[in-house]
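Comments concern the structure below.
The values are calculated or read from the model by the stated rules, or taken from the named source; none is laboratory data. Only a predicted model underlies this, so the values are computations on that prediction, with no experimental measurement involved. Counting neighbours? That spans all protein chains shown, and the Cβs are built from the backbone with ideal geometry, glycine included.
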Amino acid sequence: MLRGNLKLVIPVTLLVIAGLAVAKEIYKVPQPLIVFIGAMFGVCALIFWSRRRQSNASAFVQVVAWLLSWGIVTTAVLDGVYYFDKGGWMWFKVSGYNVTWAENLWDQVKVSPASFVAPYPFFSRDPEDSTRLLIKRGVYDIDETIIVPPGLTLAIAPGTELRFGVGASLISYSAIIARGTEQAPIIFTAQNKWRKWGVVGVVRAGPSIFTHVRFEHGRQALVNAIDFLGALSLIDADAEVTWCYFKNLYGKDGAQVHHGRAFFRNNTFQDCFKDGLDFDGGAGEISRNRFEYCGDEGIDLGEDSRVQVFDNVIIGSKDAKKGDGTKLSETAANIAN
């Protein structure tokens, strides 16, 4: 029986290896997925063939059962990872595909302030200003994406910590005023650092203010057909971002500006998966910031960006370039190491 098994096992194994090689080279299947599928093939082979003596089936039937078990187990594990981690980071590490779950929440954009506050007890309305929403100091868990409708202002108190569930985001169509202090920063983080949350996004609003705010363990989001690529994403929005800390972020950008007018001063970007700060159009200023060990560029400027860039320090990242190809380290006192 063993000799008969080997006559089928060896050619089948060679065919699987050849198939994985073709998938990688011709169909450009990402290497992490190839490695994962190959590892599952090996694990299933060890488990299945260690039990071969317990079966009286023919060699052909055993090989078919082995391959079926490999396919079923591999598919089940991939499905489990995909649905377990809606933030998409675990899925990316396993498969190599950078996928973001799409959320269609248009119905929440036009709700009244009273209707918006009702399901979220940690939001309150300013008694002196009906258009002003407040989040008082405290620690709050956010388990689903929240949409702040337009026509309001959201003010977040110093010392507040918002802990997001996997894939959850705060998307505001109104300005956000998040003024923390050095002693009492405002924190946007994950409930579980292994399961990434989404983003804080501001859409067609402003001016927003972010001061002494920490963004940790965030990723990216796709909400109402808008790609939010940074833990802080400003989409056609104006903002001033000062003394903020962007660390351990796993989206395309630590912070993203898509048009609008934004000023980034005295911030720190550390260990961002791709770019630290990405300006895609728009205007503003990037000054006196520190970029440490971003996976790609510390600063990425699109060709149509009108941004003043000076006095920044870039360490352990690619020497970022302006849209015209000029290296940022060659302009007004930016330093790259």
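This table checks each residue for (1) of a type in the set (Val, Ile, Thr); (2) in contact with an Asp or Glu (Cβ under 9 Å, 6 or more places away or on another chain); (3) within 20 Å of Gly276 (Cβ to Cβ).
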| position | (1), (2), (3) |
| --- | --- |
| Val148 | yes, no, no |
| Gly159 | no, no, no |
| Arg179 | no, no, no |
| Lys196 | no, yes, yes |
| Leu222 | no, yes, no |
| Ala225 | no, no, no |
| Ala231 | no, yes, yes |
> How many of the residues making up the stretch 120-133 are out of contact with any strand residue (DSSP E or B) (no Cβ under 9 Å at 6 or more places or on another chain) and either surrounded by 11 or more Cβ atoms within 10 Å (Cβ to Cβ) or charged (D, E, K, R) (or both)?
Replying inline: 2
>> Pull out all pairs, ordered by first then second residue, where Cβ-Cβ is under 7 Å, the residues are six or more apart or on different chains, the first lies in the stretch 77-103 and is on the phi > 0 side of the Ramachandran plot and exposed (fewer than 13 other Cβ atoms within 10 Å of the Cβ), and the second is assigned to a loop (DSSP other than H, G, I, E, B) and charged (D, E, K, R).
In response: none
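One line per residue, one yes/no per condition, for (1) in a loop (DSSP other than H, G, I, E, B); (2) buried (at least 19 other Cβ atoms within 10 Å of the Cβ):
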{"position": "Arg214", "(1), (2)": "no, no"}
{"position": "Gly218", "(1), (2)": "yes, yes"}
{"position": "Leu232", "(1), (2)": "no, yes"}
{"position": "Val241", "(1), (2)": "no, yes"}
{"position": "Gly251", "(1), (2)": "yes, yes"}
{"position": "Val257", "(1), (2)": "no, yes"}
>> Among the listed residues Ala155, Ala184, Ala178, identify the single one that is among the small types (Gly, Ala, Ser), assigned by TED's automatic domain parsing to the domain that holds Arg261 and assigned to a loop (DSSP other than H, G, I, E, B).
In response: Ala184
